[in-house]
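Following: one structure in structure tokens, then a few remarks.
The values are calculated or read from the model by the stated rules, or taken from the named source; none is laboratory data. Everything numeric here is computed off the predicted structure, so don't read it as measured data. Quick reminder, even Gly has a Cβ in these numbers, built from the backbone with ideal geometry, and neighbours come from all protein chains shown.
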Amino acid sequence: MPYLEENKLKRHLEAKEYSPIYVLFGKEKYLVKKAYRNFYNIASKCGFEEFNLNSFNSEALADDIADAALALPFMEEKKFVFVSDYNIENKNAAELSKITELVSDPSEDTVLVFFYPTLDFDPKKTAKWKNFFKIIEKHGYLIEFCEKERPDLVKFIVSLCEKEGAAISKDLAGRVADYVGSDLNAIMNETIKLASFCKNREVTREDVENLVTKTPEAKIFALSKAILASNFDEAYEIIDNLLYYGEKPVGIVSVLSGTFVDMYRVKAALSSGKKSEDVAEYGEYKGKEFRLRNAERDVRNISLQKLRRCIDILLEADVLLKSSRVSGELVLQQLVANMLLALKGENR
């Protein structure tokens with residue numbers, strides 16, 4: 001029993017054909033927690049909860065987990081044992097041996113659930129995690145909850161908005177996703193806030209612009225828009241805001257560089273008679289194709305030469321930030337001024 005796809009978990013639990021072990025993990029912590037709650041709701045409906053439902057935190061000893069997992073259920077077919085954020089990587093040899101022994105020969109009367117609501121790890125990178133997962137694959141299910149791609153985020157926002165008593169178009173839901181990022185916890189909070197304000201009506205673009213909290217990446221994208229529009233005052237206001245909230249100048253230049261590289265790639269593709277989406281094969285754009293669509297919209301009246309010059313300016317700023325003690329704020333101010341001048345030059 002290897003990996004179980006997350007979209008099949010609900011049907012699997014409804015069938016009540018429980019496996020002895022499950023591991024719920026992955027980047028998308030909202031879905032990890034949601035899956036855990038599904039298991040916990042099933043467990044809490046069993047009788048004699050004090051005997052048939054045990055929970056342990058990350059500091060639990062392997063002996064205590066094993067004692068609970070190997071004890072017979074009381075007046076029920078199954079008992080449930082939950083272990084949160086159990087980090088195989090930092091366990092000593094004795095603990096690791098005991099937990100390995102437990103998962104190598106699990107009780108068929110127990111549903112043992114390891115879930116990771118906060119701990120991030122790559123099960124393919126270290127020997128301890130590889131071995132742990134390899135053993136569990138023989139007896140249970142591994143369920144990975146990955147970050148959602150943009151179309152799934154849009155569906156989530158539209159559905160949640162409707163559930164909260166408001167309506168939102170797919171285009172505006174996409175804008176919310178662009179502003180907030182892929183973290184479902186953050187998207188849920190922003191969508192509920194938006195829907196609460198727009199109760200019993202449709203969300204407008206003005207609502208999104210005024211109410212949705214933008215991630216630093218979204219703010220840096222807004223900075224690129226201000227530069228492209230030659231809006232000097234807005235560009236400096238955004239820089240001040242980013243620095244005020246602790247963003248590092250090197251990080252700002254890095255994200256801004258990515259935006260201009262996107263535009264350069266798209267402009268080069270369009271100039272060669274190709275489509276913006278063809279650029280996807282040259283970078284990590286899976287699930288982020290909106291970056292290419294945004295770039296296509298922004299480069300219509302900008303020459304390749306201007307974009308190339310802007311990228312050179314960004315590179316110069318990056319080198320200066322990393323190799324000198326010049327004020328980061330000053331470097332960013334000069335960067336914006338130089339890019340504005342470059343973009344005002346004659347098209348060729």
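Observations on the model:
- Scanning the stretch 51-63 for residues that are closer than 19 Å to Tyr116 by Cα and either without any contact (Cβ under 8 Å) to a residue 24 or more places away in the chain or surrounded by 15 or more Cβ atoms within 10 Å (Cβ to Cβ) (or both) turns up Leu53, Asn54, Phe56, Glu59, Ala60, Ala62.
- Per-region count, the stretch 147-188, residues outside any helix (DSSP H, G or I) and within 20 Å of Glu217 (Cα to Cα): 6
- Condition met for Glu50 (part of a helix (DSSP H, G or I) and of a type in the set (Asp, Glu)): yes
- All positions within the stretch 120-140 that are in a helix (DSSP H, G or I) and touching a Leu at 6+ places or on another chain (Cβ under 8 Å): Lys128, Phe133, Ile136
- Lys322 within 27 Å of Val154 (Cβ to Cβ) and not aromatic (Phe, Trp, Tyr): no
- Residue in the stretch 43-59 that is of a type in the set (D, E, K, R) and at pLDDT 95 or above present: no
- Annotation: Ser58 fulfils all but one of (1) closer than 25 Å to Lys16 by Cα; (2) not in a helix (DSSP H, G or I); the unmet one is (1).
- Identity of the residue in the stretch 173-193, surrounded by fewer than 22 Cβ atoms within 10 Å (Cβ to Cβ) and hydrophobic (A, V, I, L, M, F, W, C), that ends up farthest from Leu160 (Cα to Cα): Ala186
- Residue satisfying condition, being without any contact (Cβ under 8 Å) to a residue 24 or more places away in the chain and not hydroxyl-bearing (Ser, Thr, Tyr), within set Glu247, Glu190: Glu190
- Condition met for Tyr264 (of a type in the set (Ser, Thr, Tyr), within 25 Å of Lys148 (Cβ to Cβ), surrounded by 15 or more Cβ atoms within 10 Å (Cβ to Cβ) and out of contact with any Ser or Thr (no Cβ under 8 Å at 6 or more places or on another chain)): no
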